[in-house]
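Here is the structure we will look at, set down as structure tokens.
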């Protein structure tokens, strides 16, 4: 099993760490660079990078390539976002930090919520 927090220690941001761990565990090849702009809440404290990274991975796994295909990612996205909202009351990086939620905590929680949603 991949330790998502190990990538954070190596210098990847929250979103990149999630994508890198997801790639390792699922034999995917999502470009890490796609997540680079999403760390620290899109660099302005907006939606947490761990959450956006998890949603990118979810889209890669359950999303669609054609508009005529059913978007299977919708129900998983709702499930994941509801879990995060229920636990923390917010998706915002700035707000999570004000509440004392560490980056490591939310990275781990979001990544585990992703894994739970898609198992």
Hits in region 7-17 (condition: assigned to a helix (DSSP H, G or I), in contact with a helix residue (DSSP H, G or I) (Cβ under 8 Å, 6 or more places away or on another chain) and more than 17 Å from residue 92 (Cβ to Cβ)): 7, 8, 16, 17
Region 82-94, subset in contact (Cβ under 8 Å) with a residue 24 or more places away in the chain and in a helix (DSSP H, G or I), residue farthest from residue 54 (Cα to Cα): 94
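Considering only region 19-46, state which residues are outside any helix (DSSP H, G or I) and either surrounded by 15 or more Cβ atoms within 10 Å (Cβ to Cβ) or in contact (Cβ under 8 Å) with a residue 40 or more places away in the chain (or both).
Initially, region 19-46 is screened for residues outside any helix (DSSP H, G or I), giving 27-31, 46.
Residues satisfying the conditions are 30, 46.
Which residue out of 75, 70, 9, 62 is under 13 Å from residue 118 (Cβ atoms), without any contact (Cβ under 8 Å) to a residue 12 or more places away in the chain and surrounded by fewer than 17 Cβ atoms within 10 Å (Cβ to Cβ)? If you could, list the steps in order and put the result at the bottom.
On the way: 70 fails: under 13 Å from residue 118 (Cβ atoms); 9 fails: under 13 Å from residue 118 (Cβ atoms); 62 fails: without any contact (Cβ under 8 Å) to a residue 12 or more places away in the chain.
On inspection, the qualifying residue turns out to be 75.
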Selection count where residues are surrounded by 14 or more Cβ atoms within 10 Å (Cβ to Cβ), within 22 Å of residue 117 (Cα to Cα) and out of contact with any helix residue (DSSP H, G or I) (no Cβ under 7 Å at 6 or more places or on another chain), scope region 88-106: 1
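Taken together, the values in this text are just the output of simple stated rules run on the coordinates, not laboratory data. As the structure is a computational prediction, the values presented were derived from the model and not from experiment. For neighbour counting, all protein chains shown are included, and Cβ atoms are generated from backbone atoms with ideal geometry for every residue, glycine included.
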